[in-house]
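As structure tokens, the structure follows; a few thoughts come after it.
Throughout, read-outs are computed from the coordinates displayed, never taken from laboratory work. Keep in mind that this is a model prediction, so the values were computed, not measured. We place every Cβ from the backbone using ideal geometry, glycine too, and count neighbours over all the protein chains shown.
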């Protein structure tokens, strides 16, 4: 072979660039491999970011479902109590502008929905606290005995008070004897009137039965009558 022959082979191969320069062997494959690795790393980063975002959305959606259950339960209880207080049903339903504003606030996906539900839960808890604070001053929210004595008590004291007034005005005369005799069946009348009055004045909750505290009411109606009758009888005998 002549001296101008070109040596070819794996270790001596040359590549010419567009400008006519000769590049070292293996330069183009190395550049392609580097670009491949960079693209693979970029795709892996995108995949990891997408997986993290999907996981975060799934957690937000699950938390939003739990929050929605709590909010619905609390609102249903409050609506029932407000209806019992005489609030019109239309006042307990959101208006179209309120629905539009709520939909706009939740347009950002599960995270925005969760934030809106947490805010709604805070408002519902504040309303529940205000409702409970106002309920302390309503007899309907008191214990059964404390509530019922407001009805039994005045009725139980009415007839004995009349007897004492008649005795004080007439002394040991026929009018006092008549008032004493007429007052004997009055505890039973006061109890029946109180039993009916409790049903008119108070209302039981859904699925509940109104507790009229029958034994307690009978005792409240009987004790004042017995004490006053015994006192007047002793006064009449002494006179």
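Miscellaneous remarks
- For the listed peptides 111-118, 92-99, a ranking on the average number of other beta carbons within 10 Å per residue, highest first, reads 111-118, 92-99.
- Between residue 157 and residue 128, the simple label model (points 7 Å from Cα in the Cβ direction) yields a spacing of 3.9 nm.
- Entry note, segment 39-135: relative contact order of 40 percent, from Cα contacts under 8 Å with a spacing of 6+ residues.
- Prolate/oblate/rounded label for segment 39-135 (Cα gyration tensor, a/c 1.5): prolate
- In this rough spin-label picture, where each label sits 7 Å from Cα along the Cβ direction, the residue 111-residue 35 distance is 3.5 nm.
- Sorted on the mean count of surrounding Cβ atoms within 10 Å across their residues, most packed first, peptides 185-195, 163-173, 33-43 read 185-195, 163-173, 33-43.
- Virtual spin-label span in nm between residue 169 and residue 70, 7 Å along Cα→Cβ: 6.5 nm
- Residue exposure proxy: 221, 182, ordered by other Cβ atoms within 10 angstrom of their Cβ from fewest to most, comes out as 182, 221.
- For the peptides 69-76, 44-51, the ranking by mean Cβ contacts within 10 Å, running from highest to lowest, is 69-76, 44-51.
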